[in-house]
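Worksheet for the structure shown next.
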Amino acid sequence: MGGSSPATNMATAGTTTNYGTLDVERATALDYYHGRPLGNEQADRSQVVSQDFRDTVEWIKPQVLRMFIDADEMFRFDPTGPEDEPLAEQESDAVNYVFMKQNNGVLILHDMLTDSLILKNGYVKVWYEEEECEEFSTYTGLDVGMLTYTITQIEQSGA
């Protein structure tokens, strides 16, 4: 029953001595986390794999996550002068709302923290995307004068 897991084999396939062993360590950590066989099992012996690593990660994760989400502000913009204070407060409120409410910040932090604890780092990709929304209105029973006025108003508003 010798050998290593598929995750370790995949991680070590391109590893050379010129680079670090981070990929091997990550693959091994994933094996420990998922309770996969370690490759050193012996016939006629117990095949039980301890899940202490997974239990420790899952035990500490809520405590660390609580430090982030219990704070009043996840993000804070500092003003450069007294005249910037209202704008900095507004920007802080907006970014906190977008991250925590609109993008389910707790789930994002949970996933990043899980990766960090298991794989030694966690990433969050952030981007801003503008979407064009088309709006349709139906007008009925307009005479020619009201129709002309409505079209003029729509054209002036840039819609």
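The values are calculated or read from the model by the stated rules, or taken from the named source; none is laboratory data. As the structure is a computational prediction, the values presented were derived from the model and not from experiment. Virtual Cβ from ideal backbone geometry, glycine too; neighbours counted across all protein chains shown.
In this structure, is GLY158 free of Cβ contacts under 8 Å to residues at least 12 places away in the same chain and on the phi > 0 side of the Ramachandran plot?
Numbers: free of Cβ contacts under 8 Å to residues at least 12 places away in the same chain: yes; on the phi > 0 side of the Ramachandran plot: yes.
For GLY158, the condition - free of Cβ contacts under 8 Å to residues at least 12 places away in the same chain and on the phi > 0 side of the Ramachandran plot - is met.
Working carefully through the options THR114, THR140, find the one that is among the hydroxyl-bearing types (Ser, Thr, Tyr), in contact (Cβ under 8 Å) with a residue 40 or more places away in the chain and not assigned by TED's automatic domain parsing to the domain that holds ALA27. I'd like the intermediate steps shown before the answer.
Values: THR140 fails: in contact (Cβ under 8 Å) with a residue 40 or more places away in the chain.
Just a single option satisfies the conditions, and that option is THR114.
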*Of these, LEU142, LEU107, LEU113, which one is closer than 27 Å to LYS61 by Cα and touching a helix residue (DSSP H, G or I) at 6+ places or on another chain (Cβ under 7 Å)?*
LEU113
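Give the range 21-41 a look and list any residue that's part of a helix (DSSP H, G or I) and of a type in the set (A, V, I, L, M), or say none. Spell out the reasoning first.
Here is the first cut: in the range 21-41, the ones part of a helix (DSSP H, G or I) are 22-34.
Correct list: LEU22, VAL24, ALA27, ALA29, LEU30.
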*Scan the range 25-49 for residues that are surrounded by 13 or more Cβ atoms within 10 Å (Cβ to Cβ) and β-branched (Val, Ile, Thr) and jot them down.*
THR28, VAL49
*asked:* Cβ-Cβ under 9 Å, sequence separation 6+ or interchain: first residue in the range 71-98 and within 25 Å of GLU129 (Cα to Cα) and in the same structural domain as LEU109 (by TED's automatic domain parsing), partner of a type in the set (A, V, I, L, M) and outside any helix (DSSP H, G or I). Which pairs?
replied: VAL95/MET74; ASN96/MET74
